[in-house]
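Colleague: This is the structure I have questions about; it appears just below.
The values are calculated or read from the model by the stated rules, or taken from the named source; none is laboratory data. Quick caveat, the model's predicted, so the values are computed rather than measured. Counting neighbours? That spans all protein chains shown, and the Cβs are built from the backbone with ideal geometry, glycine included.
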Amino acid sequence: MLEITLRRYDAPSYRTAVIAFPAPEPDLEKALDGIGVGITTEKNCLVDKISGDGGALQGLISQCINADEMQYLAKRLDSLDKREIQTFRAAVHTERLTTVKDMINLTFNFHAYAVVTDFSDIAGIGKAYELSRRLSICAQEMEETDFAVIGYRLINEQKGTITPYGVLYSTGNEKQELYNGEQFPEYRYRGDDVAIVTLEVGDYHSGIKYEYLYLPCWDVEIQKALCRLGVETIQPCITTLDCDVMNEEVCRIFTEDYPLSEHMDTLNNLARSYTGFDDQGREAFHAILEMAQAKTPEDVAVLADNFYEFTVVPGIKTPTEYGRYMIKDSGHYDFDENLEEYIDFKGYGERRIQNEHGRFTDYGYIAYRGCTPAVEELLRQNDSQSMKIGGM
């Protein structure tokens, strides 16, 4: 973890903040507010000290940087394995990189480099170099390739650059500039995001800009993304929703039935609810949405907020099955197998269903056991609509 001492570029040397990057967004916001730095794309933070970087980032000391750029770089570095870290450090040293922008772009271009730290295994050197150059090699070719020949050739050509982190070789692959210094490239740091929202502004004449929101996210992250796009609100943005765990019906409500730009906060809160669902809970929630006939973003959100007020039993299709489940499998009763033939499972199930106002769905049995007015009103509207359709 990087530990960086920052201060506003025009502040006295004693007014500093020591920030451990990557930092939780609320913590980062609080630390920056403490030294007079708000949400901005300006490079207005002076670097006084860096530790935990293995010496690779010392060229940034006494330079002005943007804290959000450093946050993004720190996330990229935090995701690297040992070999990639060595490659990063060796390439920074060799190329004398002294800007955060160049360092961010380097993290997307490891295919252009190979680092050798152990010269005792010649075949291993050749194998590591080829994997860096080609990114992947099929199993059959791995068996048929004489990597020792490649390793010897690499050493004999003496084209490597000696660094404190190993000998750095160029693979000859073309490097790409994915980060333009303004908008961050798409990058899923957490890896368990519920959904990604792409924000797009501009046109082909003025240039199209993209930013990405990884939901659930902090409100300040939305503000920062808009700042990097140069807009004050989300309304001017073209929005695209990529759902990983939300079903098609939820995505449709937020993208086709209603404008996502007007319901971003609702979607973000919904994503927070999804993080509490396991696979079975997610399926149960989708069944509740179908049963309640949720039609608006607000309908979906209120059902998610009150999900645990519902009883959901998957696979149950009849009163008899529900009665048998409650008596034998729910754990609410001590059941004696010798009494099974004397128990009226159907009658017990029917009484419970009537008392609970439960319903059978394709997923199973669902009953609402809470007392939240918004949920009760939604279910009443559903019942009223069903009665009208039945009457017709």
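Colleague: All but one of (1) without any contact (Cβ under 8 Å) to a residue 60 or more places away in the chain; (2) farther than 30 Å from Val313 by Cβ hold for Val220; state the number of the condition that does not hold.
Modeller: Single failed check for Val220: (1).
Colleague: Quickly run through region 117-174 and pick out the residues that are part of a loop (DSSP other than H, G, I, E, B) and basic (Lys, Arg). It would help to see each step written out before you state the result.
Modeller: The initial filter retains those residues of region 117-174 that are part of a loop (DSSP other than H, G, I, E, B), namely 117-121, 135-138, 145-146, 158-160, 164-165, 171-174.
Listed by number, the list holds a single entry, Lys159.
Colleague: A follow-up question, please. Can you name every residue in region 105-140 that is touching a residue at least 60 places away in the same chain (Cβ under 8 Å), under 19 Å from Thr161 (Cβ atoms) and of a type in the set (A, V, I, L, M, F, W, C)?
Modeller: Ala112
Colleague: Mind listing whichever residues of region 6-19 are part of a strand (DSSP E or B) and either surrounded by fewer than 16 Cβ atoms within 10 Å (Cβ to Cβ) or among the aromatic types (Phe, Trp, Tyr) (or both)?
Modeller: First, pick out the residues of region 6-19 that are part of a strand (DSSP E or B): 6-8, 17-19.
Within region 6-19, Val18 is the sole residue that qualifies.
Colleague: Could you pull out every one of the helices (runs of 4 or more DSSP H) wholly within region 217-287 that has 2 or more residues that are touching a Gly at 6+ places or on another chain (Cβ under 9 Å) and surrounded by fewer than 19 Cβ atoms within 10 Å (Cβ to Cβ)? Quick ask: steps written out before the conclusion?
Modeller: Details: elements: 219-229, 248-252, 264-274.
No helices (runs of 4 or more DSSP H) qualify here.
Colleague: List the helices (runs of 4 or more DSSP H) inside region 24-112, counting only whole elements, that have at least 2 residues being touching a Lys or Arg at 6+ places or on another chain (Cβ under 8 Å) and not aliphatic (A, V, I, L, M). Steps first, please.
Modeller: Details: elements: 25-34, 67-78, 82-95, 100-106.
Ranges flagged: 67-78.
Colleague: Among what's in region 154-187 and is out of contact with any helix residue (DSSP H, G or I) (no Cβ under 8 Å at 6 or more places or on another chain) and modelled with pLDDT under 90, pick the residue that is nearest to Arg228 (Cα to Cα).
Modeller: Lys159
Colleague: May I ask you to list the residues in region 57-74 that are buried (at least 17 other Cβ atoms within 10 Å of the Cβ), more than 15 Å from Arg228 (Cβ to Cβ) and either more than 28 Å from the chain's Cα centre (by Cα) or touching a residue at least 60 places away in the same chain (Cβ under 8 Å) (or both)?
Modeller: Gly59, Leu60, Ala74, listed by residue number.
Colleague: Could you identify the single residue in Glu95, Glu42 that is surrounded by fewer than 18 Cβ atoms within 10 Å (Cβ to Cβ), within 30 Å of Tyr169 (Cβ to Cβ) and acidic (Asp, Glu)?
Modeller: On the way: Glu42 fails: within 30 Å of Tyr169 (Cβ to Cβ).
Matching residue, one of Glu95, Glu42: Glu95.
Colleague: Another question, then. Over 20 Å from the mean Cα position of the chain (by Cα), modelled with pLDDT of 95 or more and of a type outside the set (S, T, N, Q): does that describe Leu303? I'd like the intermediate steps shown before the answer.
Modeller: Working: over 20 Å from the mean Cα position of the chain (by Cα): yes; modelled with pLDDT of 95 or more: yes; of a type outside the set (S, T, N, Q): yes.
Answer is yes for this residue.
Colleague: Shifting gears a bit: From Glu141, Glu157, Glu130, grab the single residue that is crowded, with 18+ Cβ neighbours inside 10 Å, among the acidic types (Asp, Glu), more than 20 Å from Leu267 (Cβ to Cβ) and out of contact with any strand residue (DSSP E or B) (no Cβ under 8 Å at 6 or more places or on another chain). Can you show your working first?
Modeller: On the way: Glu141 fails: crowded, with 18+ Cβ neighbours inside 10 Å; Glu157 fails: crowded, with 18+ Cβ neighbours inside 10 Å.
That would be Glu130, the only listed residue that is crowded, with 18+ Cβ neighbours inside 10 Å, among the acidic types (Asp, Glu), more than 20 Å from Leu267 (Cβ to Cβ) and out of contact with any strand residue (DSSP E or B) (no Cβ under 8 Å at 6 or more places or on another chain).
Colleague: Looking at region 34-44, which of its residues are touching a residue at least 24 places away in the same chain (Cβ under 8 Å) and closer than 10 Å to Ala17 by Cα?
Modeller: Ile35
Colleague: Can you list the helices (runs of 4 or more DSSP H) lying wholly within region 290-374 that have 2 or more residues being in contact (Cβ under 8 Å) with a residue 60 or more places away in the chain? Full working, then the answer.
Modeller: Working: elements: 297-305, 319-324, 345-356.
Fully inside region 290-374 and qualifying: 297-305.
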